[in-house]
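Beneath this line is the structure, given in structure tokens, with notes to follow.
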Amino acid sequence: MTQPKTNPYRLLPSVDEVLAWPEIAELAPRTGRELLAEFVGRSIDRWRSEIRAGELDAAGVRERLERGDLARSVLSWVEREAKSGLVPVVNATGVVLHTGLGRAPVHPEVAEAMARAASRYGTLEVDRFTGLRNRRDDRLCELLLRLVGGEAAIAVNNNAAAVLLLLNTFAAGKETVVSRGELVEIGGSFRMPDVMERAGTKLVEVGTTNRTRGADFRAACGERTGLLLKVHTSNFRVVGFTEEVGAAELADLGRELDVPTAFDLGSGLIDPEGAAPLGGILREPGIREAVASGIDVVTFSGDKLLGAPQAGVLVGKREPIARLRANPLYRALRLDKTALAGLEATAEMILAGRAAELPTRAMLTLGRDALEPVAERIAAALRKVVRIPSFRVEVVLDASQPGSGSSPDVYLPSPVLRIDAGEFGVEALAQTLRAGDPPVFARIHEDRLMLDPRTLLEGDEERLVTAFRAL
Ligand SMILES: *Cc1c(COP(=O)(O)O)cnc(C)c1O
């Protein structure tokens, strides 16, 4: 006599039943009950579609329930959720200012100052000696002026915001004159011509892609001119038969014609005392030099070569900076207190002669001699812990890049680990490392995984080995 077949659908528990299981109920504080119910529902739905496809019968459902597979599936959704969003990673790409990985990591003391500002009340817009209202970036501006010169400064959310504020303040309803060779696109969404349009200014291109002279600017100037703008071609280089209008020449022209002038530096380089100079390594214009050229306003990013949190800084002459501050747009673009605290702390460290301690600066100045032992040490550790057959690790001389569109033609010699992933496959290895715990980002070159020790921070060496051990 054959037993009537049990309907597998009827063996599936309800969402409410599963939510009441102790091992599921204890997950609720991590996700909230609603999201947890959704994960339970999704897990049950998966089984349901397997039943529909004829891949799962009643016996299979019973067996899985006994093994605790449903609870495991819910847990894996919960864990996946916890790991998405912004999580710390190991940057082994060798790209020091990696925009996708958050650009400049700040010094631990700077991070501490940022956490303090975020978690407590602070003197953001009040002077504690007089009790009167003051400006949030008063102190920061004082520090910046000491660092790079100039008469006044103002800080906003990022350099894109700085450029927007600049164009809108001086050239809304008017024309902005720029060299045709400097109409840059930074990372897809920031194209100089588009930003100009949004700022309400009309772009007037002068010169040619490779050569622009002062006379070209002069010829384009008229009653409708609001601003003469120079833009550093951060992420590309024009070489060969070239000519550009220097900052000092543009500043002179602006003064002569009574038109404001500005220089968007993008990265901006500083070479303070007590730190190995970056000027010899990178080909980037210096902030101090740009300010000293006499240009009215110079703009640069906080989280590029300065090694600070995300910000945009505008430095220059007193009157033009006051006009920027009076623009109502400033209120929408201003810096938040956490970034402000981080910038102040970074500037203080540099002024105290501690620039060499800033992580990005240290990474950019690391030599082969310092990196080689690290690379060899990691290689030896990986050979011990990795269990993939035909996995090979060797240390070879390669190159790291500054990143974030600074000095695209500069390669810093770096001993790196070159990994042959064997049958695992290089793409699969890179993907597994990114999804792993801790996540590791590397670069792929000619079918090999390259791990660059230049961009490792304190503790990352151990994290890297942990990630490979888990493969
Ligand atoms: C990077 C860069 C920007 C944009 O700066 P963010 O800080 O990313 O907003 C603008 N102009 C130039 C020349 C740049 O290099």
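Solvent-accessible surface of the chain, averaged per residue with a 1.4 angstrom probe and all protein chains in place: 50 square angstrom.
Expressed to the nearest 5 percent, the antiparallel share of DSSP beta bridges inside the chain is 55 percent. Translational diffusion coefficient of the range 107-354 (Stokes-Einstein, Kirkwood radius from Cα pairs, 4 °C, 1.567 mPa s): 70 µm²/s.
Percent of Cα pairs in the chain per distance bin of 10 Å, from zero to the largest separation: 4, 17, 21, 20, 17, 12, 6, 3, 1, 0, 0.
Taking Lys and Arg as +1 and Asp and Glu as -1, the other residues whose beta-carbon sits under 10 Å from that of ILE419 total +1. Rounded to the nearest Hz, the phi-derived 3J(HN,Hα) couplings of the range 120-133 under the Karplus curve 6.51 cos²θ - 1.76 cosθ + 1.60 (θ = phi - 60°) are 10, 6, x, 7, 5, 9, 9, 8, 6, 8, 9, x, 8, 5, where x marks glycine and proline.
Between ASP69 and ARG237, full extension at 0.36 nm per residue minus the direct alpha carbon distance yields a gain of 54.8 nm.
With 0.36 nm allotted per residue and the present C-alpha distance subtracted, the ALA276-ARG331 stretch has 16.0 nm of extension available.
Placing R0 at 45 angstrom, the Cβ-Cβ distance between ALA20 and LEU457 gives a FRET efficiency of 0.50 after rounding to 0.05. For the range 165-234, the carbon plus sulfur part of the accessible surface works out to 43%, probe radius 1.4 Å. Solvent-accessible area assigned to carbon and sulfur over the range 9-83 amounts to 47 percent, based on a 1.4 Å probe.
For PRO108, neighbours were defined as the other residues whose beta-carbon sits under 15 Å from its Cβ, and their charges (Lys and Arg +1, Asp and Glu -1) total -3. Charge dipole of the chain (Cα centre as origin; +1 on each Lys and Arg Cβ, -1 on each Asp and Glu Cβ, all else neutral): 720 debye, rounded to the nearest 20. Principal axis extents of the C-alpha atoms in the range 30-79 (largest first, rounded to whole Å): 33, 20, 14. Across the alpha-carbon set of the range 345-439, the Rg to Rh ratio works out to 1.07, Rh being the Kirkwood radius. Rounded to whole Å, the principal axis extents of the Cα atoms in the range 28-133 read 77, 39, 21, largest first. Applying 1/(1 + (r/R0)^6) with r as the Cβ-Cβ distance of VAL396 and ALA435 and R0 = 35 angstrom yields a FRET efficiency of 0.85. Quarter the surface of the alpha carbon convex hull of the range 401-471 and you get the mean projected area, 5.4 square nanometres. With the simple model of a label 7 Å out from the Cα in the direction of the Cβ, ARG368 to SER189 spans 4.1 nm. Angle of helix 58-67 to the longest C-alpha principal axis of the chain, folded into 0 to 90 degrees and rounded to 10: 70°. With the helix formula -39500 (n - 2.57) applied to DSSP H stretches of n ≥ 4, the chain reaches a computed 222 nm mean residue ellipticity of -12500 deg cm²/dmol. For the range 297-376, the normalised intensity computed at q = 0.14 Å⁻¹ comes to -0.61 (log10 of I(q)/I(0), Debye sum over alpha carbons, equal scatterers, no solvent). Once both labels are positioned 7 Å from their Cα atoms along Cα-to-Cβ, the gap between ARG198 and ASP447 label points is 4.3 nm.
Pairs of Lys residues in the chain that lie 8 or more places apart, or on two chains, and have C-alpha atoms under 22 angstrom apart add up to 7. FRET efficiency for the TYR9 to ALA428 pair, using the beta carbon distance and R₀ = 51 Å, is estimated at 0.90. Rounded to the nearest 10 degrees, the inclination of helix 159-171 to the longest alpha-carbon principal axis of the chain is 40 degrees. What residues from the range 436-471 fall in the zone where the backbone N is under 16 Å from a label point 7 Å along the Cα-to-C-beta line of ALA82? Answer for the range 436-471: 436-439. Between TYR121 and ARG146, residue separation times 0.36 nm minus the direct Cα-Cα distance comes to 6.3 nm. Taking the Cα centre of the range 9-83 as origin and assigning +1 to Lys and Arg Cβ atoms and -1 to Asp and Glu Cβ atoms, the resulting dipole is close to 140 debye. In the range 9-83, taking the dipole from charged Cβ atoms about the Cα centre, the farthest positive-side position among ALA53, SER43, LEU11 is held by ALA53.
The values are calculated or read from the model by the stated rules, or taken from the named source; none is laboratory data. Only a predicted model underlies this, so the values are computations on that prediction, with no experimental measurement involved. Note that we place each Cβ from the backbone using ideal geometry, even for glycine, and neighbour counts take in every protein chain shown. Ligands, DNA and RNA are stripped out before the accessible areas are found, and what is left, the full protein with its side chains, is counted by its heavy atoms. Shrake-Rupley method; radii C 1.70, N 1.55, O 1.52, S 1.80 Å.
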